[in-house]
Every structure is written in C-alpha cells, then in structure tokens.
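The structure's right below; bear with me while I get my questions together.
The values are calculated or read from the model by the stated rules, or taken from the named source; none is laboratory data. These figures come from a predicted structure and were not determined experimentally. Quick reminder, even Gly has a Cβ in these numbers, built from the backbone with ideal geometry, and neighbours come from all protein chains shown. Each accessible area value is taken on the protein alone, full model and side chains, heavy atoms only, with ligands, DNA and RNA left out. Shrake-Rupley method; radii C 1.70, N 1.55, O 1.52, S 1.80 Å.
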Amino acid sequence: MKEVLAHIEMKKQEYAKSEFFEFLQDKNIPPKQRLAFAPCFTFFVMGFGELNQYVWRDEPTNDPIQAIINQHTYEDDNHWIWFLQDLKKLGFDIGSDFADVIRFLWSKEIQASRHTFYEIYRCTCKATPVHRLVAIEAIEATADIFLSTTAQIGKELELVSGVEYKYFGMHHFSIDTNHSMDSSQTEEFIANIQLEKDVEKEAFELVDEMFDLFSNFIDVLVNYAKAYKLEDSSSNEYATQPMR
C-alpha cells in the first residue's frame, strides 16, 4: 500500500494548485465571497453523510480493514449538521419553500455536486474493503486541502463577526485531522497492507478517478462562487443573491 499512499500524496499536491484554492486564498476577495460556493456544495455534503452510514459501514465484521473503515464512518457521518448551521450563519439559506429547495437541489448548478456523490457511490458501493479504503484515503486527501484552506476563511469571518463557523472553520479542520485513521498505529497498519499486483493497479486507477472527480467538481465550485453577487449591507456584512 505504500506506493498507493505515495501516489495519493502526489495527486494531493497537484490538487492543491487548482484555481479553486487560489481563489479561496485570495484575501483581496471578501471572505464570504470565497465561500459563496457553499449552496452548490449541499448535495455532496448531505450525500457524504449517507455514504458513511449506509454504504461504507459494514457491521459486524472480522475484517481489520473494514473495522478501520467502520470506525472512520462513525467519526465522519454527522459533519453535515455543521454545514447546515454555517449556511444559515453565512446567509446562504435559500428559504423555506419546499418546492424551491427541491428545484434548487436538482438544478443545473447542483449537477456537479450530485454527480460527485453518485460516482463515489458507484465506485464504492460493492467494492472490497481494501478498494473502499483506497477511495476514502484519496477523498480524505482532498478534504485535507479543502478544510485547511476554508478554516483560514472561517477565522477571517470570526474575527469580523465574532460568529464561529464550525464546518468552514477550525472546528471541522481540527476534528478531521485527528481521526483514528490518522493515528500512527493505524497509519502504519494501512501502509503495510500487501496488495496483489492486479489490486495495486486497480488502486492506482481508483485514486486517479477520485482526484479527477474532485478536480472537475471544484472547477464548478469556483465558477459558482464567482457568479454570486455580494453587496454591502448597513451592518458591513455581505448579502448573497443566488445565481440565476
């Protein structure tokens, strides 16, 4: 598995150079503008909780790899709660009309979010534990770049407003970097997993597929964020008008 993990690290460094992360790090852009992709992120975030609960978790198990996955799913399956809280705090809540919410979630703007969730489901639903673990490792690598970057934006917003942003702030990043999968013992176990040549080849292909999927997704997110119009209000906060 060491070679696969090294490949994930290489892809992670490439991923970090994308336009999306340059945009998120540009302090010439108001911090709320940089997070304006959040509504477009909704379907993926909500679906990710279900991946953990209903797709990746498999109990009971005697497989040590699946046991690692199971523990990870319990640590990772409720982050959507923070996301919904932050949507409200940021003013990105689209309202309470149920038909409007459904229309938005299945709109063209959200298609990339839906597609990302569907593809992860397709790749992992019937996968072996080792393939599932490889996919999760790749996804967690993308999350590390994402959360370390958004955490800085969350800090900027908190300094101005005094409001804590749990999903887009340091809270989420801190918890995500302290998963049981990140313990030295578990990391050593994963690194020492022996893969047959055909399985190793499939693992490399799966890593590439996950990074390609997320690279396409964040290309949509950055364009979505740029299309939002933020206007100064009397409280010096930014009001968001959804893309039409």
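With every protein chain left in place and a probe of 1.4 Å, what is the accessible surface of residue 88, to the nearest 10 Å²?
140
Evaluate the relative contact order of the chain (contact order divided by residue number), counting alpha-carbon pairs under 8 angstrom at least 6 apart; express in whole percent.
Value for the chain: 34 percent.
Then there is this: Rank these by accessible area, largest first, 1.4 Å probe: 222, 199.
199, 222
Here's another thing I want to ask about it. Angle, helix 2-15 long axis vs. longest principal axis of the chain, Cα atoms, 0 to 90°, nearest 10?
Once rounded, one gets 20 degrees.
Could you check how much of the accessible area of region 1-76 is carbon and sulfur, as a whole percent, using a 1.4 Å probe?
Summing carbon and sulfur atoms, their accessible area is 50 percent of the total for region 1-76.
Using alpha carbons only, how many angstrom separate the centre of region 1-26 from the centre of region 124-195?
13
Just the number please: accessible area per residue for region 10-62, 1.4 Å probe, all protein chains included, in Å².
Per-residue accessible area for region 10-62 comes out at 47 Å².
If I fit a long axis through the Cα atoms of helix 197-227 and take the longest principal axis of the Cα atoms of the chain, what angle between them do I get, 0 to 90°, rounded to 10?
Between the helix axis and the principal axis of the chain, the angle is about 0 degrees.
Still on this model: Can you tell me the length gained on complete extension of the stretch residue 125 to residue 25, counting 0.36 nm per residue apart and subtracting the Cα distance?
32.5 nm
On to the next question. With the cut-off at 28 Å, tell me which of the pairs 108/229; 108/155; 27/166 have Cα atoms farther apart than that.
Beyond 28 Å: 108/155.
Set the Förster radius R0 to 25 Å, insert the Cβ-Cβ distance between residue 183 and residue 118 as r into 1/(1 + (r/R0)^6), and round the FRET efficiency to 0.05.
0.20
Going by amide H atoms built from the backbone, whose H comes under 5 Å of the H on residue 229, apart from near neighbours?
It is 241, by chain and number.
Give me the number: length gained by fully extending residue 74 to residue 161, i.e. 0.36 nm times residue separation minus the C-alpha to C-alpha distance, one decimal in nm.
So the extension gain works out to 28.1 nm.
Residue 201: which lysines have alpha carbons under 22 Å from its alpha carbon, excluding same-chain residues fewer than 8 sequence positions away?
Cross-link targets: 2, 11, 12, 126.
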